[in-house]
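Trainee: First, the structure itself, so that you have it in front of you.
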Amino acid sequence: MMFLPHIGRRLMACFLVASLWAVLAEPTWGQAPAAPTAQTPAAVVPTAVAPAPAPRIRLIRVEGNQRLEPGTVQSYLLLGPGDVFDPARMDLSLKTLFATGLFADVTIRADGDTLVVTVVENPIINRVIFENNRALKEDKLRDEVEAQPRAIFTRARVQADVQRIVALYRQAGHFAATVTPKVAEQPQNRVDLIFEISEGPVTNVRRINFVGNLVYSDTELRRVVATKESRWYKFLTSNDNYDPDRLEYDREQLRKFYGEKGFADFRVVSSVAELTPDQKDFFITFTVDEGIKYRFGKMTVESKLDALDTDLLETFVKVKPGTLYRNQRIEDSVDALTFAAGASGYAFVDVRPQRKNNRDTRTVDVNFVVNEGPRVYIERIDVVGNTQTLDRVIRREVQLVEGDAFNRVLLDRSRNLIRALGFFKTVEITEKPGTKPDRAIIEVKVEEQPTGELSFGLGFSSVNSFLVDISVTQRNFRGRGQFLRFAVSASSRRQNIDLRFTEPRFLGRNLSAGFEAFNVRTDFIRQAGFRSNSLGGSLRIGFPTTANSRLFLRYTVRSDNISAPSITARDVFGNPRRDANGNLIKTCTASIQICSQIGRRLTSLVGFTMVWDKRNDPIDPTRGFNVSFDQELAGFGGDVRFARSAISGDAYRGLIKNFILSAHLNAGYITAWGGKDLRINDRYFKGGLSFRGFDIAGIGPRIVELVDDGNGGTTDSARSALGGKAFAIGALELAFPTGLPEQYGIKGALFTEWGTLGLLDSRDKLVSDPTRFAVRDNLAIRGSAGVSVFWDSPFGPVRFDFSRIIKSQEYDDITKFRFSQVTRF
């Protein structure tokens, strides 16, 4: 029994040791349990284990940066303080930094709880230097390469520039040209990029041969292709150098040539370039298969759209059966059918011509299949090239907005509306793919031209009169599309001060509004025996009535003062006579028609102008017409009452390339009402620019002096023009190219003009002495012909008119030459 306490103490000791071991082996709070070892197998004590959290980034350190701020580098990272060290995101951050093109090398590593980003920045290009370039100018090379001073230097970009330079030299005929890029390091991580060029010899085209051509000779086909044979005198052209890209273009030119001559089966079998035995030039050989000549056969239109009438669409096909086959005719028909479908409300059509060649009858049947094309919507409209004009001035003329369905008809109309502004030299509207297949981006590209004009005109008449007119006009004031004109002109006949302003979009609406203030002094003493002075102003508004017509309304008030030569009245003793107020009494020495109208009158009138414009181009039309109808009614207050109507029209037709035939007509009629006389300054006076070949007020009713001809009769000696109540003038003009280089800007036109002016009231035909004077008013027809020369000079447009009179009256005032000029700024 004595051994029990001893055994109990041993058991107790073993229990305490085991408990102490368990406590020591227990992992501390928040720490992961130690991994089992060979001495302590994991299976001995099955203890529960919690997963350890991943380490997190406390700090990001950027090393190696010189120009860039650390924050700039960190902005490209996909990790930040507090994020875990994710290898996938670290790798993606590495790729993102490389993709910027700012760095030559990048490494990302973890240093404890710090993310270390080490970068090697790409240098900045200090200069771009081209060495040994003799065949190509440095400006042309600089325009081609992407490397520019102050840009980031990357090897990939430099290699791409090398390929561009080599391609330029290949186009110039230097196929052996090589380009070696070199770098000269400069302080502050800058480099000079040097393109060392070895141009090599020029590879010319010694001979161009054709095989398989039976209808057209080699000489005729050599005129078709762009590549030319080298000759010693062709030192100003590079088309005699071998260029494989140009060779592909030549194949297409041959297909077009034969396609316009009726050869629907024509094909280019091969085009081979071979070096000459001396390895200096090339022989080029085209092998062709001409086929047979066809004519058009049956033309049909098949529409998959029920709402489109095929019979109506067939009227737009620009092909007549039996005529010679031409590819261009088919393309024109496709465009016409697309336009017709668009005008009918179908903006998305796909017109595909299906040709069937009948070799037995030598005809080509064409079936135009009209399908509904993929629907495309406008994603965005970009306006580029406007350096002065505000975007909104251009955008408000575009007939589409973002989100609208794409419509070619409306885009063509928008282009004409923008061109009609007169602010731009060129207007191009193109469509580009959008972010989705059913989206398109519309780009409106314009090239600004001077819209300010400092104009002056010079003229010489048959009586040696000299004219000078000066005015300042800004048609695009402040880039807002506003019209502002201030004119101060002076000549032997006319002094004019004129201020005009027009806001084309009044109150943000499609409504034009403007005003005019003027003071005009006219001296027609030599032509008509009177002077006039008009002081007044007008208000006007205009708005569209249809897509091709506008209506303009106006109100004008003016004060007109007519004076004539006079002498001081004297009594029988020769003393000056005075009135009751002591003023000298003047006696009019002009005709009774003029003397009866001396004095001041107030004119108050309202009027409108209706314009209908169907020209295909508002600046250089080649087809279409425009008509303007104008009416005025004076008598709403004031001292003058008359009604005036006028109409003018122009029609254009392109004949052959750059030959345009145009016809012009102007006619008008004015009459007094309410028992009032028609004042002379309200009548029509024609001549000068309104009737080439005759001086200002050179035609129409005129007071003539009857002069004894020595044979018992009399001849007319012209004195004063009286103007007319009615006129009609028509002109026919043929514009033609002069054959001079286009950059000279010289064009010509043949013209002939015919017209008449007259129809005075009987009381306006009275004369003081019928034995000495008479009034000629017979509505006689006048005619002239001549040539006009237009020169777009560096100082502005210049016009010369050389005229020859075909039919006139002996009292008409003739001028055979006229010159005018406008200087733009």
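The values are calculated or read from the model by the stated rules, or taken from the named source; none is laboratory data. Quick caveat, the model's predicted, so the values are computed rather than measured. Virtual Cβ from ideal backbone geometry, glycine too; neighbours counted across all protein chains shown. The area values use the complete protein model at the heavy-atom level, side chains included, leaving out ligands, DNA and RNA. Shrake-Rupley method; radii C 1.70, N 1.55, O 1.52, S 1.80 Å.
Trainee: If R550 passes every condition in (1) at pLDDT below 75; (2) among the basic types (K, R); (3) more than 30 Å from T815 (Cα to Cα) but one, which one does it miss?
Mentor: It fails just one condition, (1).
Trainee: Here is a further query. Take segment 412-429 and flag every residue that is open to solvent by 50 Å² or more (accessible area, probe 1.4 Å) and closer than 17 Å to G624 by Cβ.
Mentor: D412, R413, R415, L417, A420
Trainee: Hey, another quick one. If a residue counts only when it is at pLDDT 80 or above and touching a Phe, Trp or Tyr at 6+ places or on another chain (Cβ under 8 Å), which strands (runs of 3 or more DSSP E) contained entirely in segment 657-753 have at least 3 such residues?
Mentor: 660-672, 726-737
Trainee: Next up: Kindly list the number of the only condition in (1) in contact (Cβ under 8 Å) with a residue 12 or more places away in the chain; (2) within 30 Å of M90 (Cα to Cα) that fails for E146.
Mentor: (2)
Trainee: Also: For segment 130-156, what are the residues that are in a strand (DSSP E or B), under 14 Å from K182 (Cβ atoms) and open to solvent by less than 40 Å² (accessible area, probe 1.4 Å)?
Mentor: F130
Trainee: Among what's in segment 432-444 and is in contact with a Phe, Trp or Tyr (Cβ under 7 Å, 6 or more places away or on another chain) and among the charged types (D, E, K, R), pick the residue that is modelled with the highest pLDDT.
Mentor: Restricting to residues being in contact with a Phe, Trp or Tyr (Cβ under 7 Å, 6 or more places away or on another chain) and among the charged types (D, E, K, R), the top hit is R439.
Trainee: Under 7 Å by Cβ, and 6 or more places apart or on different chains, what pairs join a residue from segment 382-411 that is over 12 Å from E448 (Cα atoms) and surrounded by fewer than 17 Cβ atoms within 10 Å (Cβ to Cβ) with one that is of a type in the set (K, R) and at pLDDT 85 or above?
Mentor: Close Cβ pairs (under 7 Å, with a partner that is of a type in the set (K, R) and at pLDDT 85 or above) amount to R396/R505; E402/R380.
Trainee: Provide a single number: the residues in segment 350-381 that are under 27 Å from the mean Cα position of the chain (by Cα), modelled with pLDDT under 90 and open to solvent by less than 40 Å² (accessible area, probe 1.4 Å).
Mentor: Here the count works out to 2.
Trainee: So which of V393, V409 is in contact with a Gly (Cβ under 7 Å, 6 or more places away or on another chain) and within 24 Å of F506 (Cβ to Cβ)?
Mentor: None of the other options fit; the residue is V393.
Trainee: Looking at T178, is it modelled with pLDDT under 85, open to solvent by 30 Å² or more (accessible area, probe 1.4 Å) and polar (S, T, N, Q)?
Mentor: Judged against the criteria, T178 is not a match.
Trainee: Go through segment 285-315 and give me each residue that's of a type in the set (A, V, I, L, M) and open to solvent by less than 60 Å² (accessible area, probe 1.4 Å).
Mentor: Those that are of a type in the set (A, V, I, L, M) and open to solvent by less than 60 Å² (accessible area, probe 1.4 Å): V288, I292, M299, V301, L305, L308, L313.
Trainee: Scanning for something touching a residue at least 24 places away in the same chain (Cβ under 8 Å), under 23 Å from G452 (Cβ atoms) and aliphatic (A, V, I, L, M), does segment 422-435 turn up at least one residue?
Mentor: No, segment 422-435 has no match at all.
Trainee: Right, something else. Looking only at residues in segment 537-565 that are part of a loop (DSSP other than H, G, I, E, B) and not polar (S, T, N, Q), which one is surrounded by the most Cβ atoms within 10 Å (Cβ to Cβ)?
Mentor: In this case the residue turns out to be A564.
Trainee: Same structure again: Checking the conditions here, which among K280, K293 is of a type in the set (K, R) and modelled with pLDDT of 80 or more?
Mentor: K293
Trainee: Next question. Can R251 be described as closer than 30 Å to A167 by Cα, of a type in the set (D, E, K, R), open to solvent by 70 Å² or more (accessible area, probe 1.4 Å) and not in a strand (DSSP E or B)?
Mentor: Spelling it out, it is not the case that R251 is closer than 30 Å to A167 by Cα, of a type in the set (D, E, K, R), open to solvent by 70 Å² or more (accessible area, probe 1.4 Å) and not in a strand (DSSP E or B).
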